[in-house]
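Trainee: One structure is given below, represented as structure tokens, and several questions about it will come after.
The values are calculated or read from the model by the stated rules, or taken from the named source; none is laboratory data. All values derive from a computational prediction rather than experimental measurement. To get the accessible areas, we keep the full protein, side chains included, count just its heavy atoms, and leave off ligands, DNA and RNA. Shrake-Rupley method; radii C 1.70, N 1.55, O 1.52, S 1.80 Å.
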Amino acid sequence: MSSVAAELAPTPTRRLRFAGVEYEVLPTETVLDALLRHGLDVPYSCRKGVCQSCMMRATDGAVPAMAQHGLKDTLRDHGCFLSCLCRPKDDLDLVAPDDELAFVRATVARVERMSPAVARVRLTPAEPFEYHAGQFVSLRRSDGLIRSYSLASVPRLDDHLEIHVKRLSCGEMSSWVFDRLQPGETVDLAGPNGTGYYLPGRPDQPLLLIGNGTGLAPLIGIAHDALAEGHSGPIDLYHGTRHGEGLYLHRDLTELAERHDNFRYHPCLSGPARMKGCRPGRAEEMAFADHAALDGHRVFLCGYPPMVEAAKKAAYLAGARLDDIHADPFELRELRRVPRD
Amino acid sequence: MSGSLYERIGGEPAVDAAVDLFYRKVLSDPSISHFFDTTDMDAQRNKQKAFLTMVFGGPNAYDGKDLRAAHAGLVSRGLNETHFGAVAGHLQATLQELGVAEDLTAEVMGIAASTQDDVLNR
Ligand SMILES: Cc1cc2nc3c(=O)[nH]c(=O)nc-3n(C[C@H](O)[C@H](O)[C@H](O)COP(=O)(O)OP(=O)(O)OC[C@H]3O[C@@H](n4cnc5c(N)ncnc54)[C@H](O)[C@@H]3O)c2cc1C
Ligand code: HEM
């Protein structure tokens, strides 16, 4: 049988041991499904293997390789895995990932409102935190709630870690960050995760950056990083929002474009309002209208998942190599009990 | 010439060169793209790599039964000879674009044709 077929084959019922109690995992279930079905309040968000909120550690029993997809080697070596991807082949003994292994304490240095719905949060980690601009961290509140946020800062340019949080009206983490979080408070960070960052070595490669909403955060980090590395090829950044107030870094990006000949900023408004200097329409549509052939380009796509998926396909069909397309869909929490797909 | 078809055609680098060309053609063809349209494009491309390795005569883990299983769901969604012919056409066009010699192309197309019954679950 092919390895793909083997991974997808139904597994017999397995047992999990977690916090001294045994739970059954049905053949159709992931570890996360089983724990939720038994009423446990374990952290999770996207249930698609993207956000990494649901990470656990197996102290006994082997986890399938695909359940460790995207994790750092140190975490894999310790048996950490994503419970939403894990259909166990063995019985497993589980623990929550150890704090010292996975989390770093960080102090809030500053919280600023950049628009009526977007806050910029600067964080100071208690220990050195290695990352690339454009990766993301999992931010954990003291009550255990975890969500992922992308890094807009650049290690050699910025003293703090910077994230941009868009307030959702009923969103637990985002409205807490936006309405309540104060300088001096602490949170825990895991990560960094993700492979969407600037790679030096091809300074003349054209870069196409497309994001909507706070999908701008990783993109501005990548743009700053590339420019600081002396990138000489064109860098085109398309930022899309519905309303003008959503273009929350309009002034900074306009200035950046004035300072660097190879950096261009394309603000796009998909709503009815028009603003001077802004393109009418969706960011990805404008980007692909301007760049019909993407051979040799490196493409970064961040934000609203349907935009990211559609743009990934469009970029590929326009000639970009899949290895050169980095897609970070900002998956929200999956609320359905049984996720689609 | 000596060596297996896979070696003569250029081995894994040849598969890597062909896979993007081939997958792009398939995704751009409205008569078959719906079979390949998935949110996990990376996984789908790896399957196209498995397909190309197989028809290039390379080392692969598939037998007729696996091919049947891999396409059974597609057959129940209507996969038929016409679709098979379209895929074969894109394969041939890919080989031509890469400048693969005619005799090698003929061998590849022969292997592809030999799988038709298994792919269509006949
Ligand atoms: C890799 C990755 C990177 C991310 N980076 C960022 C980032 O840089 N910045 C950022 O702001 N977010 C980012 N996100 C999203 C972020 O992780 C959270 O999902 C988001 O902040 C919402 O969390 P919450 O706890 O506030 O909402 P939850 O309490 O989790 O509520 C979200 C759920 O409620 C629904 N919902 C509630 N209110 C609304 C509303 N007003 N509009 C639409 N749906 C609503 C949604 O359908 C969703 O199912 C990222 C996600 C991923 C996976
Ligand atoms: C020419 C003969 C063909 C061969 C030798 C072949 C071979 C393969 C192989 C080896 C795989 C990977 C299976 C796996 O690892 O899961 C695969 C998958 C696939 N094939 Fe084919 N194939 C052929 C024809 C076709 C045709 C005609 C179509 C549709 C028009 C098609 C559609 C697919 C799809 C959609 C998948 C992925 C299925 C999934 O996502 O699980 N194939 N094929």
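Trainee: Can you give me the Kirkwood hydrodynamic radius for region A:207-335, using every pair of distinct Cα atoms, in Å to one decimal? Could the numbers behind the result be given before it?
Mentor: Details: mean 1/r = 0.0683 Å⁻¹.
For region A:207-335, inverting the mean 1/r across all distinct Cα pairs yields 14.6 Å.
Trainee: A further question on this structure: Quick check on chain A: helices-only [θ] at 222 nm, where DSSP H runs of length 4 and up contribute -39,500 (n - 2.57) each and the sum goes over total residues. Nearest 500, please.
Mentor: -6000 deg cm²/dmol
Trainee: Roughly how compact is region A:144-209, stated as its Cα Rg over 2.2 N^0.38 Å to two decimals?
Mentor: Dividing the Cα Rg of region A:144-209 by 2.2 N^0.38 Å gives 1.42.
Trainee: Quick check: at a probe of 1.4 Å, how many percent of the accessible area of chain A sits on carbon and sulfur atoms?
Mentor: 50 percent
Trainee: Based solely on its DSSP helices, what 222 nm [θ] is calculated for chain B when runs of n ≥ 4 H residues each add -39,500 (n - 2.57) and the sum is averaged over all residues, nearest 500 deg cm²/dmol?
Mentor: Details: 8 runs with 89 residues, N = 122.
Helix contribution divided over all residues of chain B: -22000 deg cm²/dmol.
Trainee: With heavy atoms of protein chains only and a 1.4 Å probe, what residues of region A:312-328 have at least 40 Å² less accessible area in the full set of chains than alone?
Mentor: A:Lys312, A:Lys313, A:Tyr316, A:Leu317, A:Leu322
Trainee: Considering only protein heavy atoms, what per residue accessible area in square angstrom results for the protein assembly as shown with a 1.4 angstrom probe?
Mentor: 48 Å²
Trainee: Hey, could you get me the Stokes-Einstein D for chain B, Kirkwood radius over alpha-carbon pairs, 4 °C and 1.567 mPa s, rounded to whole µm² s⁻¹? Present the calculation step by step, with values, prior to reporting the outcome.
Mentor: Numbers: Rh = 14.7 Å.
Estimated via Stokes-Einstein, D reaches 88 µm²/s.
Trainee: With a 1.4 Å probe and all protein chains in place, put A:Ser142, A:Ser175 in order of accessible area, largest first.
Mentor: The residues order as A:Ser142, A:Ser175, largest area first.
Trainee: If you don't mind, another one. Could you tell me how far the Cα centroid of region A:113-157 sits from the Cα centroid of region B:1-77, in Å?
Mentor: 40 Å
Trainee: Still on this structure, I have one more. Determine one quarter of the surface area of the Cα convex hull of the protein assembly as shown, which equals its mean projected area, and express it in nm² to one decimal.
Mentor: So the Cα hull casts an average projection of 24.6 nm².
Trainee: Let me ask something additional. If you scale each eigenvalue of the Cα gyration tensor by 5 and take the root, what three semi-axes come out for region A:3-99, rounded to whole angstrom and sorted largest first?
Mentor: On the way: eigenvalues 58, 55, 35 Å².
For region A:3-99, the semi-axes come out at 17, 17, 13 Å.
Trainee: Another question, if that's okay. Sort region A:110-222 into rounded, prolate or oblate with this rule: let a ≥ b ≥ c be the square roots of the eigenvalues of the Cα gyration tensor; rounded if a/c is under 1.5, and if a/c is not under 1.5, prolate when a/b is larger than b/c, oblate otherwise.
Mentor: Taking the square roots of the gyration eigenvalues as a ≥ b ≥ c, region A:110-222 is prolate.
Trainee: Of the candidates B:Lys65, B:Lys25, B:Lys49, which one comes out as most mobile in a Gaussian network treatment of chain B with C-alpha springs shorter than 10 Å?
Mentor: Comparing B:Lys65, B:Lys25, B:Lys49 in a Gaussian network model of chain B, the most mobile one is B:Lys65.
Trainee: To continue, here is another question. Over chain A, what is the relative contact order in percent, taking alpha-carbon pairs closer than 8 angstrom and at least six residues apart?
Mentor: Over chain A, the number comes to 13 percent.
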